[in-house]
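The structure appears right after this line, and notes come after that.
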Amino acid sequence: MSFHSIPQKYSDAGDPYYEHCQSTAVRLAKALNLSEKEWKISFQSRLGFSKWLSPYTSEVLADWGREKVSHVDVICPAFSADCLETLEEIKMENRDLFVELGGGEFNVIPCLNDSEDHIEMIADIVRKHLPKPL
């Protein structure tokens with residue numbers, strides 16, 4: 001499970017993002033009946049030279065490629081729609097890294113995007129928070 005990263009200094013200063021990612025990952029793994037050995041959390045989309053939340057997705061996938069892991073499914077739970085970070089960074093760059101280093105099958109689980117259920121969920125949230133008509 002790959003989440004967008006943030007600078008480590010933000011987390012160190014009290015930003016709860018890391019804990020939210022951990023909670024989401026644990027809940028998702030439980031809902032999918034995954035054992036602790038069947039999933040890992042990682043972070044992508046870092047910029048510059050400062051430390052960002054880790055482990056970095058690219059490093060996890062590189063390690064798994066060198067370990068000849070036969071199958072990886074990557075999901076990006078913090079993204080509601082596919083974008084450069086999911087389509088190019090994960091689906092292309094990280095896939096190539098994993099495979100070139102010896103990994104096997106690589107799949108990206110798409111974001112919810114414009115599925116009817118996703119749009120209805122967003123609409124329900126908006127309706128819940130809009131003021132009631134007069």
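Close amide H partners of V108, meaning residues 5 or more places away or on another chain with modelled amide H under 5 Å apart, are V74. Taking each residue as 0.36 nm, the span from E67 to E105 lengthens on full extension beyond its C-alpha to C-alpha distance by 12.4 nm. Contact order for region 1-99, expressed relative to its length and based on alpha carbon pairs under 8 Å spaced 6+ residues apart, stands at 39 percent. Computed from phi, the 3J(HN,Hα) profile of region 107-112 under the Karplus parametrisation 6.51, -1.76, 1.60 (θ = phi - 60°) reads 10, 10, 7, x, 5, 5 Hz, with x in place of Gly and Pro.
Against the chain, whose longest principal axis comes from its Cα atoms, helix 116-129 is set at around 50 degrees.
Please give the charge dipole size of region 1-128, origin at the Cα centre, charges +1 on K and R Cβ atoms and -1 on D and E Cβ atoms. Round to the nearest 20 debye. Each step should come with its number before you reach the end.
Details: 13 positive and 22 negative charges, 88 e Å.
That gives region 1-128 a dipole magnitude of about 420 debye.
Per-residue 3J(HN,Hα) values for region 54-69, derived from phi via the Karplus relation 6.51 cos²θ - 1.76 cosθ + 1.60 with θ = phi - 60°, read 9, x, 6, 4, 4, 6, 4, 5, 5, 4, 5, x, 4, 7, 6, 4 Hz in sequence order (x marks Gly and Pro). Ordering 116-127, 6-17, 83-94 by mean Cβ neighbour count within 10 Å, with the highest value first, yields 83-94, 6-17, 116-127. Here, P(r) means the percent of Cα pairs in each 5 Å bin from 0 to the largest distance; for region 28-134 it is 2, 10, 16, 19, 18, 13, 8, 5, 3, 2, 1, 1, 0. A Förster radius of 41 Å, combined with the Cβ-Cβ distance separating A31 from E93, puts the computed FRET efficiency at roughly 0.90. Overall size of region 11-83 from C-alpha positions, given as principal axis extents largest first: 37, 29, 25 Å. For the chain, DSSP calls about 10 percent of its internal beta bridges antiparallel.
Set the bar at 29 Å for Cα to Cα. Now go through K37/K91; K51/K91; K40/K91; K9/K132 and name every pair that lies beyond it.
K9/K132
Distance from the Cα centroid of region 10-56 to that of region 76-134 is 16 Å (rounded to whole angstrom). Annotation: amide H-H contacts under 5 Å for Y56 (H modelled 1.01 Å from N, sequence separation of 5 or more, or interchain): F43.
Laboratory data are not the source of any read-out in this text; all were calculated from the coordinates shown. Predicted model, so just to flag it, every value in this text is computed and none were measured. Note: ideal-geometry Cβ built from the backbone for every residue, glycine included; neighbour counts use all protein chains shown.
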